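For reference, the structure is listed below as structure tokens.
The values are calculated or read from the model by the stated rules, or taken from the named source; none is laboratory data. On a predicted model such as this, the values are computed, not experimentally measured, just so you know. Cβ placement follows ideal geometry from the backbone for every residue including glycine, while neighbour counts extend to all protein chains displayed.
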Amino acid sequence: MNSANICQDFFGGLESLFTCEQTGEYQRIRTPYLYPDGDIIDVFCKVQNDVVIVSDLGETTRWLRMQTVSPRRTPKQKTLIQDTCQTHGVEFFKGIILARCRPENQLSAVVFRVAQAALRVSDLWFTFRTRSVESVSDEVADFLSERHFPFERGEKLAGRSGKVWTPDFHIRAVRRSSLVYVLSTGSKSAARAIVNQIHTAWYDLNHLAAGPEALQFISLFDDNLDVWSEEDFRLAEQLSTVIRWSKPDEFAETLMAA
Amino acid sequence: MLTDSEFETILNDTSKQVEGDIVWQEDEDHSPILEFRIEVASETGWPLFVRGSYNALIQTLSFGLILKTAGRIYGLDLGKDHHNPQCNQVGEKHKHRWTEQFRDKEAYIPEDIDAPASDPVTVWEQFCAEANLKHRGKMAPPPPVQGDLFL
């Protein structure tokens with residue numbers, strides 16, 4: 001190969017990267033694009049009147065849901081999907097990424113748009129917590145930003161014993177500010193040790209929960225995994241308000257309460 | 001990170017079981033795809049569940065064993081091709097299997113799965129047998145998809 005025929009070789013090889021065959025009522029185009037686990041992205045075409053509907057038939061969200069612990073997408077993930085659809089000029093309808101190839105459009109361009117959108121939507125996989133890219137604390141920070149709560153992360157506060165503690169969030173609301181520890185683990189055996197540590201922290205910091213500007217203590221349990229026992233919640237309740245992260249609205253209400 | 005030996009322990013654990021009947025349901029988008037999720041109990045106590053999903057429009061079917069702390073560690077896909085990190089295509093019947101090196105990106109052809117995607121109940125039975133998973137209950141066949149999506 002020399003530089004003179006690079007373009008020729010490139011364009012000549014493009015066709016072999018795609019296969020096209022009938023699957024049920026649809027023409028399936030198998031692309032060279034991959035989901036993050038290596039599964040191949042297919043795009044499906046169906047003629048309706050003078051339009052070809054090009055879609056992934058929901059396979060991208062199906063693929064995503066097969067990877068996740070969460071029963072539903074987070075607001076941030078929904079926003080990322082909307083953003084992707086806007087960039088690539090596709091529609092997200094009932095979990096399906098689709099675009100219309102009208103008579104004046106080129107089918108290959110529409111197929112590429114849908115395939116690229118599928119690729120980018122599947123990259124939401126990188127936001128799943130099991131991939132260690134985003135922690136539940138990051139999710140909480142996103143939530144606080146969305147709800148316009150001013151907050152500081154990782155503030156170091158001295159306890160009565162002299163030990164320095166680092167609650168995950170110091171959040172300021174109109175009526176009262178709060179300190180929040182986020183309790184998250186995937187291990188039942190580690191769960192009790194975490195609750196014990198937070199209980200100790202609240203006890204050592206309890207001078208901050210007194211006076212006219214008393215801080216509210218909140219233990220925010222990541223209950224996405226079933227690792228916490230009722231005893232864990234009862235222990236945390238002794239010195240703090242217990243909130244489950246599966247109920248974010250309750251978290252916001254608690255922050256806003258007097 | 002789940003180690004190879006931990007994965008083998010989970011997979012070879014014959015005390016894994018799911019309890020109750022499995023019913024296919026709509027997903028959160030009300031798409032044509034049907035799915036289910038069911039918790040896996042075991043003597044070893046690993047936090048596991050199984051997800052299944054089925055797209056009757058194009059006959060794609062998946063069952064995945066998901067470890068809540070690591071994501072999918074074992075999964076069967078029918079009707080969708082796969083490309084391995086070693087750059088080989090595996091085919092439309094493939095099974096993902098966790099390794100420390102590739103996580104769940106590496107797949108192979110499971111010879112003992114011979115039921116087609118159009119028969120999710122039989123595929124489920126074969127998947128359970130290979131994954132050492134007991135199902136104490138029944139799986140209902142998925143209901144037919146109603147109408148055309150885009151009309």
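Okay, here's what the table says:
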| item | result |
| --- | --- |
| Answer residue from the stretch B:92-108, given it is assigned to a loop (DSSP other than H, G, I, E, B) and within 19 Å of A:MET66 (Cα to Cα) and is farthest from the other protein chains (Cβ to nearest Cβ) among those | B:TRP98 |
| Scope the stretch B:78-91; condition assigned to a strand (DSSP E or B), facing chain A (nearest Cβ under 10 Å) and either polar (S, T, N, Q) or in contact (Cβ under 8 Å) with a residue 24 or more places away in the chain (or both); matching residues | B:HIS82, B:GLN89 |
| Out of A:ALA201, A:ALA190, A:ALA158, sole residue that is of a type in the set (Gly, Ala, Ser), farther than 30 Å from B:MET1 by Cα and either at pLDDT below 90 or over 21 Å from the mean Cα position of the chain (by Cα) (or both) | A:ALA158 |
| Cross-chain or 6+ apart pairs with Cβ under 9 Å, the stretch A:179-195 first and within 14 Å of chain B (Cβ to nearest Cβ), then among the charged types (D, E, K, R) | A:SER184/A:ARG129; A:SER184/A:ASP222; A:THR185/A:ASP222; A:GLY186/B:LYS68; A:LYS188/A:ASP226; A:ALA191/A:ASP232 |
| Qualifying residues in the stretch A:42-78 (those that are in a helix (DSSP H, G or I), touching a helix residue (DSSP H, G or I) at 6+ places or on another chain (Cβ under 9 Å) and surrounded by fewer than 21 Cβ atoms within 10 Å (Cβ to Cβ)) - the one farthest from the other protein chains (Cβ to nearest Cβ) | A:LYS76 |
| Residues of the stretch B:104-129 satisfying the condition of being without any contact (Cβ under 8 Å) to a residue 40 or more places away in the chain, within 20 Å of B:ARG51 (Cβ to Cβ) and in contact with a helix residue (DSSP H, G or I) (Cβ under 9 Å, 6 or more places away or on another chain) | B:ASP104, B:PRO110, B:ILE113, B:ALA115 |
| Residue match in the stretch A:149-167 (condition: within 30 Å of B:GLY45 (Cβ to Cβ), touching a Lys or Arg at 6+ places or on another chain (Cβ under 9 Å) and surrounded by 13 or more Cβ atoms within 10 Å (Cβ to Cβ)) | no |
| Hey, A:LYS94 within 24 Å of B:GLN25 (Cα to Cα) and within 12 Å of another protein chain (Cβ to nearest Cβ) or not | yes |
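Yes/no per residue for (1) aliphatic (A, V, I, L, M); (2) exposed (fewer than 15 other Cβ atoms within 10 Å of the Cβ); (3) under 22 Å from the mean Cα position of the chain (by Cα):
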residue: A:VAL174; (1), (2), (3): yes, yes, no
residue: A:LEU208; (1), (2), (3): yes, no, no
residue: A:GLN238; (1), (2), (3): no, yes, no
residue: A:GLU253; (1), (2), (3): no, yes, no
